[in-house]
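The next block holds one structure in the form of structure tokens; read it before the comments.
The values are calculated or read from the model by the stated rules, or taken from the named source; none is laboratory data. In this text the structure is predicted, and so the values were computed from the model without any measurement. We place every Cβ from the backbone using ideal geometry, glycine too, and count neighbours over all the protein chains shown. In case anyone asks, the SASA skips ligands and DNA or RNA and just uses the protein heavy atoms, side chains included. Shrake-Rupley method; radii C 1.70, N 1.55, O 1.52, S 1.80 Å.
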Amino acid sequence: MTQPPAPTPPTSPTPPAPPAPSAALAQPDRPRLTELRLAAFTTHRRAAFPLGPLTLLAGPSGCGKTSALRAYEALARLGGGAGLGEAFPDPVACVPERARPDAQRRRGFRIGCTADGPAGPVRLDVAVQAEPELRVVGERLTADGLVLLETALRDPGKRAVQAAWHTAGPTPVTRGPLPDDRLGTALLPLRVAGKTPGQRRVLAAAEQMVVALRSVFACDPQPARMRGPVPSGSGRLLGGCGNLADVLGRTRTECGRRHALFVAAVRAGCAGPVADVLTRAEEATGAVRATLDRGDGVRTDLRRLGDGELRYVALALVLLTGPGVLEVDPAGEVPAALQTLTVLADGFDRGLDGRQRLELLRLGARMCERGHIRLVGAVSDASWAAGTEGVTVVHLDRD
């Protein structure tokens with residue numbers, strides 16, 4: 001567990017490649033993740049998943065779709081500066097079940113990713129010790145085969161790892177300790193001066209990786225929480241979408257064009273006519289409810305909708321909004337034009353009928369094509385998505 005992970009081959013069977021990007025999109029200004037690697041994480045061994053603008057992880061229950069999304073979310077938290085305990089609240093559950101402890105009774109897991117952008121492809125690989133105590137024991141940041149940052153646990157008695165980052169010039173490498181409960185890549189901007197070309201290259205790669213990882217919204221709409229009235233709050237949508245009615249009240253007044261697109265999406269995926277989506281506050285409590293305006297004087301409270309309709313409505317709103325509306329941690333120091341919001345949707349097709357799945361997929365593809373949003377969704381079967389332009393399907397199995 002003292003060495004960072006080596007590059008790993010892709011999982012088998014090899015998923016189909018995403019559509020070839022146009023020349024304008026070949027080197028985007030916005031940093032984004034293009035691969036997630038799970039070298040040793042829960043049920044995954046030596047797995048690599050390509051990530052396009054819209055990616056569906058498809059496979060039966062127990063194949064590891066949810067754990068892959070959790071690994072992505074954990075990397076995003078680490079990229080935002082969170083500690084290991086926050087990123088991995090149950091680290092032992094991340095260790096492969098058949099992993100044997102070493103002579104010091106240590107067990108852990110390894111994850112990584114690749115971020116593309118102005119600095120070119122940048123790889124990050126992290127080795128985490130889960131037992132007997134949670135800590136980073138190895139990290140490696142590379143670009144074009146050059147190691148820009150490498151850390152290793154040299155003294156288990158100290159709460160630090162020995163780090164070495166690329167400098168070039170008279171001193172090719174700078175060494176120093178870094179905390180063993182944080183991602184070293186996220187700390188580099190605080191430690192590297194940027195005086196030499198080598199240091200500036202390290203900073204560019206680290207900042208690209210951090211920006212690509214930040215602004216992740218993990219959601220799994222819970223219909224049971226969306227049916228009742230909700231208190232008027234911050235107007236930022238939570239991952240379970242239980243405060244959907246409160247957020248709808250905000251988005252309706254903030255942007256008429258976006259609201260019109262949302263109403264059109266709801267009309268396409270819900271039963272019966274839909275002229276508008278409205279909210280109202282209860283006089284006694286001030287709590288907010290949402291309703292569908294049927295256009296003929298009838299208004300349908302959201303509590304009357306089926307589970308599939310509610311999940312569809314919530315996911316449509318997520319795809320049509322952004323970091324200012326969703327409960328995410330954006331990179332405040334980076335201009336919004338250079339950021340990409342990534343939506344992680346577990347059970348993307350759960351409870352949806354055929355029409356709703358296709359309408360939501362088409363909406364997602366249109367939004368992802370613009371470049372400011374990306375989507376990674378988990379589905380049980382992706383045969384219905386075949387032929388949809390801009391969709392990357394990664395097939396997982398239980399083996």
Original post:
Within the range 274-297, which residues are in a loop (DSSP other than H, G, I, E, B) and modelled with pLDDT of 95 or more?
Top reply: 274, 275, 294
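Going through the range 290-311 one residue at a time, which ones are in contact with a Leu (Cβ under 6 Å, 6 or more places away or on another chain) and either crowded, with 20+ Cβ neighbours inside 10 Å or among the aromatic types (Phe, Trp, Tyr) (or both)?
Answer for the range 290-311, where residues must be in contact with a Leu (Cβ under 6 Å, 6 or more places away or on another chain) and either crowded, with 20+ Cβ neighbours inside 10 Å or among the aromatic types (Phe, Trp, Tyr) (or both): just 290.
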Subject >> Residue check, residue 392 assigned to a strand (DSSP E or B), more than 18 Å from the chain's Cα centre (by Cα) and either crowded, with 16+ Cβ neighbours inside 10 Å or of a type outside the set (A, V, I, L, M, F, W, C) (or both) >> reply: no
Subject >> Filter result (open to solvent by less than 30 Å² (accessible area, probe 1.4 Å), modelled with pLDDT under 95 and within 15 Å of the chain's Cα centre (by Cα)) within the range 27-47 >> reply: 31
Original post:
Can you name the residue in the range 373-389 that is free of Cβ contacts under 8 Å to residues at least 40 places away in the same chain and assigned to a loop (DSSP other than H, G, I, E, B) and is also surrounded by the fewest Cβ atoms within 10 Å (Cβ to Cβ) among such residues?
Top reply: 387
Subject >> Among the candidates 164, 168, residue that is of a type in the set (A, V, I, L, M), in contact with a helix residue (DSSP H, G or I) (Cβ under 8 Å, 6 or more places away or on another chain) and surrounded by fewer than 20 Cβ atoms within 10 Å (Cβ to Cβ) >> reply: 168
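Counting just the residues of the range 202-234 that are polar (S, T, N, Q), under 23 Å from the mean Cα position of the chain (by Cα) and surrounded by fewer than 21 Cβ atoms within 10 Å (Cβ to Cβ), which one comes out nearest to residue 87 (Cα to Cα)? Spell out how you get there, then give the answer.
Step one: of the range 202-234, the residues polar (S, T, N, Q) are 208, 215, 222, 232, 234.
Next, from what is left, pick out any that are under 23 Å from the mean Cα position of the chain (by Cα): 208, 215, 222, 234.
Okay, now just the ones that are also surrounded by fewer than 21 Cβ atoms within 10 Å (Cβ to Cβ), so 222, 234.
On the way: 222: 22, 234: 24 Å.
It comes out as 222.
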Original post:
On the given criteria, is residue 199 more than 19 Å from residue 80 (Cβ to Cβ) and either surrounded by fewer than 19 Cβ atoms within 10 Å (Cβ to Cβ) or more than 29 Å from the chain's Cα centre (by Cα) (or both)?
Top reply: no
**OP:** Identify, from the list 154, 182, 159, the residue that is basic (Lys, Arg), more than 25 Å from residue 89 (Cβ to Cβ) and open to solvent by 20 Å² or more (accessible area, probe 1.4 Å).
**Re:** 154
Original post:
What about residue 142, is it in a strand (DSSP E or B), surrounded by 15 or more Cβ atoms within 10 Å (Cβ to Cβ), among the polar types (S, T, N, Q) and in contact (Cβ under 8 Å) with a residue 40 or more places away in the chain?
Top reply: no
Original post:
When both residues are 6+ apart or on different chains and their Cβ atoms are under 6 Å apart, which pairs have a first residue that lies in the range 148-169 and is at positive phi, and a second that is open to solvent by less than 60 Å² (accessible area, probe 1.4 Å)?
Top reply: 168/196; 168/198; 169/196
Original post:
Does any residue in the range 116-134 that is surrounded by 24 or more Cβ atoms within 10 Å (Cβ to Cβ) come within less than 7 Å, Cβ to Cβ, of a residue that is acidic (Asp, Glu) six or more places away or on a different chain, and which pairs are these?
Top reply: 126/139
Subject >> Only one of 50, 19 that is touching an Asp or Glu at 6+ places or on another chain (Cβ under 9 Å), open to solvent by 20 Å² or more (accessible area, probe 1.4 Å), of a type outside the set (Gly, Ala, Ser) and modelled with pLDDT of 95 or more >> reply: 50
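Does at least one position in the range 279-289 carry a residue that is closer than 26 Å to residue 358 by Cα, of a type outside the set (Asp, Glu) and open to solvent by 10 Å² or more (accessible area, probe 1.4 Å)? Steps first, answer last, please.
Let us first name the residues in the range 279-289 that are closer than 26 Å to residue 358 by Cα, namely none.
Looking through the range 279-289, none of the residues is closer than 26 Å to residue 358 by Cα, of a type outside the set (Asp, Glu) and open to solvent by 10 Å² or more (accessible area, probe 1.4 Å).
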**OP:** Filter the range 344-372 down to residues that are assigned to a strand (DSSP E or B) and over 28 Å from residue 96 (Cβ atoms), then give me how many there are.
**Re:** 0
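Among the strands (runs of 3 or more DSSP E) contained in the range 148-253, which hold 2 or more residues that are farther than 30 Å from residue 266 by Cβ? Quick ask: steps written out before the conclusion?
On the way: elements: 160-166, 173-179, 216-219.
Result: 160-166, 173-179.
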**OP:** Working carefully through the options 100, 110, find the one that is closer than 16 Å to residue 127 by Cα, assigned to a strand (DSSP E or B) and open to solvent by 50 Å² or more (accessible area, probe 1.4 Å).
**Re:** 110
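Restrict the check to the range 260-271 and report whether at least one residue is farther than 24 Å from residue 312 by Cβ and open to solvent by less than 20 Å² (accessible area, probe 1.4 Å). Spell out the reasoning first.
Quick first cut of the range 260-271, residues farther than 24 Å from residue 312 by Cβ only: none.
No, that holds for no residue.
Could you grab me the full set of residues in the range 78-93 that are within 20 Å of residue 139 (Cβ to Cβ) and open to solvent by 20 Å² or more (accessible area, probe 1.4 Å)? Lay out the reasoning, then the answer.
The initial filter retains those residues of the range 78-93 that are within 20 Å of residue 139 (Cβ to Cβ), namely 78-88, 91.
Selection gives 80, 81, 85, 86, 91.
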